[in-house]
1. Once you have the Cα-Cα distance between Ile128 and Lys84, take 0.36 nm times their residue separation minus that, and quote the gain in nm to one decimal.
2. Is there a pair in Lys84/Lys126; Lys81/Lys114; Lys28/Lys81; Lys28/Lys102; Lys55/Lys126; Lys55/Lys114 whose C-alpha atoms are over 23 Å apart, and which pairs would that be?
3. How big is the dipole moment of the chain about its Cα centre under a simple scheme where the beta carbon of each Lys and Arg is +1, that of each Asp and Glu is -1, and everything else is neutral? Debye, nearest 20, please.
4. Output the antiparallel fraction of DSSP beta bridges having both residues in the chain, as a percent to the nearest 5.
5. Once the dipole of the chain is set up with Lys and Arg at +1 and Asp and Glu at -1 on Cβ about the Cα centre, which of Thr87, Asn101, Ala113 lies farthest towards its positive end?
6. Can you tell me which of Phe111, Phe57, Phe22 moves the most in a GNM of the chain? Springs connect C-alpha atoms under 10 Å apart.
7. Which residues in region 6-20 have a backbone N closer than 17 Å to a point placed 7 Å from the Cα of Asp53 along the Cα-to-Cβ line?
8. Gaussian network model of the chain, Cα springs within a sub-10 Å range: biggest mean-square fluctuation belongs to which of Ser92, Ser107, Ser33?
Amino acid sequence: DNYDLGHCRVLVMDDEEYNRDFICSQIKSAGCSVVAVTNGADAIKVHQTALQDKKPFSVLLLDLTIPGAMGGVDTAIEIRKVDKMATIIAMSGYTTSPVANKPQEYSFSAFLAKPFRITELIALLKKIRPVMV
């Protein structure tokens, strides 16, 4: 299946290589360029550089739990300080997390339960960023 998201840049933060590769390949199949990082500190750095280069990300997908490193919530809070309008989606296999129920209270635009299909991501993006899709 080929889904077209038009021209978009996506930042994916996930500490698990399998998840990262899978999510990235799904996003690329939808016609987006993707940058993958393993932790919050790298996500903040890459986001900062993208802003400086005037090539902002359309969407940031942040895994909530990064063992031994900055996870999604702290990363989202830091990114919001410099980019109020960023579309930041929390993703997690833990759907009982309080973030899943009230993502906006944790600096996220939305929540996506892992594992997810590209169709679910696109549906979510259409809902929160209709101009992009």
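Every read-out reported here was derived from the displayed coordinates using simple, explicitly stated rules and does not represent laboratory data. No experiment lies behind these values; they were computed from the predicted model shown. Every residue, glycine as well, gets a Cβ built from its backbone with ideal geometry; the counts of neighbours run over all protein chains shown.
1. 14.4 nm
2. In this structure, Lys81/Lys114; Lys28/Lys81; Lys28/Lys102; Lys55/Lys114 lie more than 23 Å apart at Cα.
3. The calculated dipole for the chain is roughly 540 debye.
4. 0
5. Farthest towards the positive end: Thr87.
6. Comparing Phe111, Phe57, Phe22 in a Gaussian network model of the chain, the most mobile one is Phe22.
7. Under 17 Å, as judged by backbone N against the label point of Asp53, lie 7-13 of region 6-20.
8. Result for the chain, Cα springs under 10 Å: Ser33 fluctuates most.
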